[in-house]
Amino acid sequence: MQQANMLQRLFGAGGGPLERTPNKAVLFGLRFTNLAVLLILLVFFALSAPGFLSLVSFSNILDSTSVFLLLALGETFVIFAGGIDLSVGSMLSLGGVASASYMSERFAAGDDGVLTTVVGILIACAVGLLGGVLNGVVIAYMKLDPLIVTLGTLGIFLGIADLISNGLPVGDLPPAAFTLGNGQFLHVPYVAIIALGFAAVLSFVARKTRFGRYCYAIGASQESVRRAGVNLNRHTIMLYGISGALAGLAGMLNAAHFSSASSSAGANALLVAIAAVVIGGTPISGGEGKIWGTVIGALIYTLLDNGFVLMGIASFWQLVVVGALIILAVYLDEYQRRLRLTVGISRDTEGVAPALAADGAAGQDSTGAKASA
Amino acid sequence: MQSKTAPSQPAGNSGAAPTELRLEGVSKSYGGVRALQEINTTFRSGLTGIIGDNGAGKSTMMKILSGVTRPDTGTITLGEKALHLTSPVDARLSGIESLYQDLALADTLDITSNIFLGREMTRSFAGLRVLQDRAMAKAARETLSQVNIRIPDVAVPVRALSGGQRQAVALARAVRFNAPVVLLDEPTAALGPRETAAVNDIIGRLVDSGRMVIIVTHDIPAIVGMADHLIVMRAGRIVREVDPRQTNQEELLAYMVGSRT
Ligand SMILES: Nc1ncnc2c1ncn2[C@@H]1O[C@H](COP(=O)(O)OP(=O)(O)OP(=O)(O)O)[C@@H](O)[C@H]1O
Ligand SMILES: [Mg+2]
């Protein structure tokens, strides 16, 4: 708080119109910290890791980002609304195993048509949707904490994935699945096109639709949304349903990419998905955040991941770094928020305070002081 | 639910003067706390003031009338129509708007989004309800200026506002949709004298336009000067209903604290 006040003084908050411009610059800068980190990492690895700046390397990065980006996108919506979905990693496993079982069975029976793969996708999405809706129904109607509910279903989904696969990897997928998981269009993997397509649509949904607005509003104050007459239960079920469906789809694409599905496929996926959301600047407390932040967060994670490999750092370190990164991101975000609030308010007390003044005079006796509380 | 697009101008059912709003045998308990006991009263058009000590049950009564809280027993009738208020939507559809004591704002959303929360202007696109943000911002500015609330930027998140400004936003939301019945639970609690005067002015205009306005307040001198009808509550009961011209502050205080019954 103290540093924030210093900054505020430095940038002349509360001063004349001329001195106010830097505030906007600071805010503008803060908004793009994630992007800046991403660029710095890009430059760093380009300079220090030979072979980093190649098309292969880039499509690798997109490739490995895409699957868990899908998870992270659903998770972002859930976190916007002040919830959490811990079951996405297990759902990735379950969706993968369920659709791979079907596809490999059909393929073994001599059916190598594209339709098998299409049905495989539908199965993964449907299984994910079902599991997500289950989460949502329990959270909405039994009024339980999503943390506990999805922790429970984390175990349930994983157990079912094990049951389906007998704990063994499911392989021998049809060629169309392999193409889906590994094909490229102009060096951009299909999987990345799918994930970025979802990111674009979901970003629109978050910013421009009523559904998105209610997500943020619920994250800010569930009670205010209830009093506004919104059907909270329906919204909650849809929200977790979307998260589950995306996780199921991610599982199928993951299986398609590796030509194999197993119940352990989603082992680190939850950690990585939440890391992407948090590094992307969405506060875990809900009510705000951006879908594109999550895309950048996911890219930052993969960049570190790939960069480490290229630099020959042992892969064990990656988990350590991701964990630390989550904590750092939350800290930085919290710091930014305080700063923004201080800077923001100094602006508001100039402009907004005379809100209720009946005529002209700046009636800001108590109002200005209260804002800084 | 509210699938209709909210009108950009305040609704056309512009407060067709409601006859009366009647509560009969309304009770509500929270565990062992009897927040309301056998409330029987009738509200009429014009301004009704509800006063009473902290915990007297004023907000509970308001929340029952706005569909937020369901009474344990009792009936509510508006005009000839029995109301079954199971949710805030029911109350709204019956023409009842509320400003809650706790304001019920979503802090991270901007002023416009808060005013239109639950009643967004939208158009359909590919099965999605796309927000008409610009139209809503325009309408929000209009409402704020109609009620003399001067906030230059409706895109400011509500959490950056002062207590008084937040209250102003909640008030704007309660008056924007031209409901015939308006419930205001301590609308001036966070306001300074100048802002209080502005809000009282708004309330006066609501009453002049034929609305039924029910206001909970601790500002006894002001409400005695404004109200057409006064209700004094204590410990979950109505202990006095009186024409403010035929009483004085001492008498009202005596009923509030129970030295007169
Ligand atoms: N949700 C709740 N759960 C439990 N008790 C409640 C709840 N809401 C109200 N009460 C209790 O009901 C009683 C009446 O509360 P209410 O809020 O109606 O009082 P009030 O007259 O509005 O008081 P104030 O002037 O302080 O706003 C109080 O004793 C309060 O503690
Ligand atoms: Mg109260």
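The values are calculated or read from the model by the stated rules, or taken from the named source; none is laboratory data. Quick caveat, the model's predicted, so the values are computed rather than measured. Glycine gets a Cβ as well: all are built from the backbone with ideal geometry, and neighbour counts include every protein chain shown. With ligands, DNA and RNA removed, areas are computed over all heavy atoms of the protein, side chains included. Shrake-Rupley method; radii C 1.70, N 1.55, O 1.52, S 1.80 Å.
What the table shows:
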quantity	calculated
Förster radius 45 Å - calculated FRET efficiency between A:V119 and B:D72, Cβ distance, rounded to 0.05	0.25
Value of D in µm² per second that Stokes-Einstein yields for segment A:2-359, Kirkwood Rh from Cα pairs, at 10 °C (1.306 mPa s)	73
Mean separation of Cα contacts under 8 Å (6+ apart) over length of segment A:2-359, as relative contact order %	31
For chain B: relative contact order, % (alpha-carbon pairs under 8 angstrom, 6 or more apart)	28
Over chain B - Rg/Rh using Cα atoms and the Kirkwood inverse-distance radius	0.97
Taking only Cα atoms of segment B:32-153, radius of gyration then Dmax in Å	17.8, 53
For segment A:164-214: rounded, prolate or oblate by the Cα gyration tensor [a/c cutoff 1.5]	oblate
Whole-number Å³ per residue for the convex hull built on Cα positions in segment B:107-171	83
Rounded to the nearest 10 Å², the accessible area of B:T73 at probe 1.4 Å	70
Accessible heavy-atom area order of A:H257, B:H84, B:H218, highest first, probe of 1.4 Å	B:H84, B:H218, A:H257
Mean accessible surface per residue for segment A:2-359, computed with a 1.4 Å probe while every protein chain stays in place, in Å²	44
Listing of segment B:181-208 residues, each with accessible area lower by at least 50 Å² in the full protein assembly than in the chain alone (probe 1.4 Å)	B:R194, B:E195
Net length gained if the chain between A:T33 and A:S264 were fully extended (0.36 nm per residue, minus Cα distance)	79.8 nm
Modelled FRET efficiency - R0 30 Å, A:V330 with A:L196, Cβ distances, 0.05 increments	0.70
Total accessible surface hidden between A and B, rounded to 100 Å², 1.4 Å probe	3900
Anchor A:K208: aspartates and glutamates whose Cα lies under 15 Å away (excluding residues fewer than 8 positions away in-chain)	A:E288, B:D110, B:E120, B:D133
Approximate spin-label separation B:F125-B:V257, in nm, with each point projected 7 Å along Cα-to-Cβ	6.2
Average accessible area per residue (Å²) across chain B - probe 1.4 Å, nucleic acids and ligands excluded	41
Residues of segment A:177-193 with amide N under 14 Å of a point placed 7 Å along Cα→Cβ from A:A46	none
Largest-first principal axis extents, alpha carbons of segment A:50-183, Å	46, 45, 25
Cβ-Cβ FRET estimate between A:L271 and A:D145, R0 fixed at 22 Å, reported to 0.05	0.65
Rg/Rh for the protein assembly as shown, where both radii come from Cα atoms and Rh is the Kirkwood radius	1.05
Percentage relative contact order, segment B:154-252, counting C-alpha pairs under 8 Å, at least six apart	21
Rg(Cα)/(2.2 N^0.38 Å) for segment A:124-264, N = residue count	1.22
Surface share of carbon and sulfur [accessible, 1.4 angstrom probe, percent] for segment A:2-359	70
